[in-house]
Amino acid sequence: MTARIIDGKAFAADVRARVATRVASLREEQGITPGLAVVLVGEDPASQVYVRAKGKQTVEVGMESFEHRLPADTDEATLLALIGRLNADPRVHGILVQLPLPGHLDSDLVINAIDPAKDVDGFHISNVGLLGTGQKAMVPCTPLGCLMLLRDLHGSLSGMNAVVIGRSNIVGKPMAQLLLGDSATVTVAHSRTRDLPEVVRRADIVVAAVGRPEMVRGEWIRPGATVIDVGINRIDRGGKTVLVGDVHYDSAAAVAGAITPVPGGVGPMTIACLLANTLTACCRANGLPEPEGLTA
Ligand code: NAD
């Protein structure tokens with residue numbers, strides 16, 4: 001069997017097109033333009049690339065983009081004051097503080113200073129609690145993107161066995177909550193899990209969010225299972241830097257029913273879901289119906 005390749009790039013483009021359509025109608029019918037503020041502290045090169053991409057895509061779907069670049073030695077009070085202004089600014093519906101922050105800043109404190117209704121990354125403790133109790137939350141973008149791909153593929157996830165590898169607050173834990181919300185039977189595996197291959201073999205759905213290049217092997221995958229590879233790892237192969245996931249693609253694709261490639265799978269979904277979350281936040285802030293198919 002050769003797996004169906006899940007085209008995250010095309011799906012993300014479709015999400016952005018749906019966001020853009022609703023943004024246009026918000027502007028025409030309500031005179032509202034959704035706005036996303038991105039705050040970058042310091043000059044981490046990877047973060048600069050992400051922030052640039054976010055700003056570009058925000059403008060492309062017709063939203064307003066507000067970029068705030070602060071020097072690496074910005075103190076906590078200055079950053080909190082900026083967040084306070086963005087919380088109060090009615091043109092700003094979403095606020096994202098690019099992580100990681102420089103070491104002298106307490107990221108939990110900073111994230112929890114964001115108005116939860118504008119917390120489009122879904123990292124505020126209120127949103128974590130809302131998601132965990134099955135209430136309306138802002139949901140972290142990467143797991144939301146994975147959920148959209150899974151729903152598109154399977155329709156209902158009810159009763160399916162899902163194994164999430166990784167228990168981070170950014171991917172693993174919210175992914176598990178979303179799968180539970182869709183009535184999957186969820187196992188969360190992590191660095192201390194005993195006999196991981198055996199655990200993975202039980203899964204109809206495997207979500208790998210580990211950060212270890214090609215760790216999950218084809219022999220671990222139940223024939224026909226769906227494999228969602230969140231990992232983004234840069235490795236040296238024959239003197240060239242290449243991007244690989246947490247799943248060994250060739251061996252897994254030989255047994256899986258469907259699989260996301262790296263790159264071009266989960267990656268493009270993350271920013272698309274950030275835009276979807278900003279639109280959702282804008283609709284909620286204005287008491288308007290939420291965009292269909294773009295929320296958890
Ligand atoms: P993290 O380092 O915070 O968490 C990794 C998790 O993997 C931990 O919970 C740990 O217990 C588990 N783990 C580590 N070694 C293990 C092992 N040998 N067996 C089983 N579990 C093990 O990482 P993260 O932030 O969740 O990111 C995971 C991966 O996803 C990284 O490669 C990251 O680059 C990628 N990522 C991609 C996107 C995207 O947009 N596609 C977004 C976020 C993260």
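The values are calculated or read from the model by the stated rules, or taken from the named source; none is laboratory data. Since we're looking at a predicted model, the values are computed, not measured. Every residue, glycine as well, gets a Cβ built from its backbone with ideal geometry; the counts of neighbours run over all protein chains shown.
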When you look at residue 162, is it out of contact with any strand residue (DSSP E or B) (no Cβ under 6 Å at 6 or more places or on another chain) and at pLDDT 95 or above, yes or no?
-> no
From the list 225, 189, which one is surrounded by 18 or more Cβ atoms within 10 Å (Cβ to Cβ) and closer than 19 Å to residue 142 by Cα?
-> 189
Residue in region 253-271 that is surrounded by fewer than 20 Cβ atoms within 10 Å (Cβ to Cβ) and hydroxyl-bearing (Ser, Thr, Tyr) present = no
Any idea which residue in region 49-73 is surrounded by the most Cβ atoms within 10 Å (Cβ to Cβ), counting only those that are out of contact with any helix residue (DSSP H, G or I) (no Cβ under 9 Å at 6 or more places or on another chain) and farther than 21 Å from residue 27 by Cβ?
-> 51
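Yes/no matrix, rows are residues, columns are (1) farther than 23 Å from residue 232 by Cβ; (2) at pLDDT below 95; (3) among the aromatic types (Phe, Trp, Tyr):
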{"position": "39", "(1), (2), (3)": "no, no, no"}
{"position": "45", "(1), (2), (3)": "no, yes, no"}
{"position": "58", "(1), (2), (3)": "no, no, no"}
{"position": "65", "(1), (2), (3)": "yes, no, no"}
{"position": "72", "(1), (2), (3)": "yes, no, no"}
{"position": "75", "(1), (2), (3)": "yes, no, no"}
{"position": "80", "(1), (2), (3)": "yes, no, no"}
{"position": "86", "(1), (2), (3)": "yes, no, no"}
{"position": "90", "(1), (2), (3)": "yes, no, no"}
Quick check: is even one residue across region 161-178 more than 30 Å from residue 203 (Cα to Cα) and small (Gly, Ala, Ser)?
-> no
Residue ID - nearest to residue 215 (Cα to Cα), chosen from residues in region 176-195 that are near the ligand (Cβ under 10 Å from one of its atoms) and touching a strand residue (DSSP E or B) at 6+ places or on another chain (Cβ under 6 Å) | 189
What pairs come up if the first residue lies in region 173-200 and is acidic (Asp, Glu), the second is outside any strand (DSSP E or B), and their beta carbons are under 6 Å apart, counting only those six or more places apart or on different chains?
-> 182/157
Check region 197-205 and report whether any residue there is buried (at least 19 other Cβ atoms within 10 Å of the Cβ) and farther than 25 Å from residue 123 by Cβ.
-> yes
Which pairs have Cβ atoms under 7 Å, sit 6 or more apart or on different chains, and link a residue in region 1-22 that is on the phi < 0 side of the Ramachandran plot and of a type in the set (Lys, Arg) to one that is part of a helix (DSSP H, G or I) and crowded, with 18+ Cβ neighbours inside 10 Å?
-> 9/268; 16/57; 16/272; 16/275; 22/279
Residue check, residue 154 against (1) away from the ligand (no atom under 14 Å from the Cβ); (2) out of contact with any helix residue (DSSP H, G or I) (no Cβ under 9 Å at 6 or more places or on another chain); (3) free of Cβ contacts under 8 Å to residues at least 40 places away in the same chain, all met but one. Which one?
-> (3)
